[in-house]
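Report on the following structure.
Read-outs: derived from the displayed coordinates by stated rules, not from any lab. Predicted, not measured: the structure shown is a model, and the values here were computed from it. Note that we place each Cβ from the backbone using ideal geometry, even for glycine, and neighbour counts take in every protein chain shown.
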Amino acid sequence: MASRLLWASRAASHLKISVFHRGFASVVKDLKYLDSHEWVKVEGNSATVGITDHAQDHLGDVVYVELPEVGTPVSQGSSFGAVESVKATSDINSPISGKVLEVNGELSESPGLINSSPYEKGWIIKVEVSDSGDVKNLMDADKYSKFCEEEDASH
């Protein structure tokens, strides 16, 4: 089932069709997005961060994730780690400022979780939020979808 959806979204992105409105899209409504393709889910003063489905699709199979140490300060828009795939190495930027509370240790053993479950099992870090105002600078799902469409169309 998942591979058929993946094929459909690959085919759709190849044909420049928006998959967002079709129900198997790769954008989650209640998350906020950074223009470098990271997502954040803020709950109280804690935030979970990962890379989007769009990003993992462009990267291809993820083979290694460079994670920060717990306690590392992160700032909005700045890199805190990297994702290495068969195609490229890409920095991971933090959509929010704060301090790393937790890292997803499972990614050391199974970096492919970023491909198979970018919004759930493939989360990367949890952050103690230092400035909740950061969220205002991020895109919502609709804006991010449009951003991805425009970016893909320009490549």
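Details
- For segment 46-134, applying the loop criterion from DSSP together with a ceiling of 12 other beta carbons within 10 Å to the trypsin sites (Lys or Arg not before Pro) yields K87.
- Sites listed here are GluC sites (Glu not before Pro) in segment 25-79 whose DSSP assignment is loop and whose Cβ has at most 11 other Cβ atoms within 10 Å: E69.
- Beyond 23 Å in Cα-Cα separation lie the following of the pairs K87/K146; K41/K146; K87/K143: K87/K146; K87/K143.
- Inter-label distance for K29 and K136, nm, one decimal - labels placed 7 Å from Cα along Cα-to-Cβ: 2.6
- The ranking of V127, V86, V28 from fewest to most other beta carbons within 10 Å of each one's beta carbon is V86, V28, V127.
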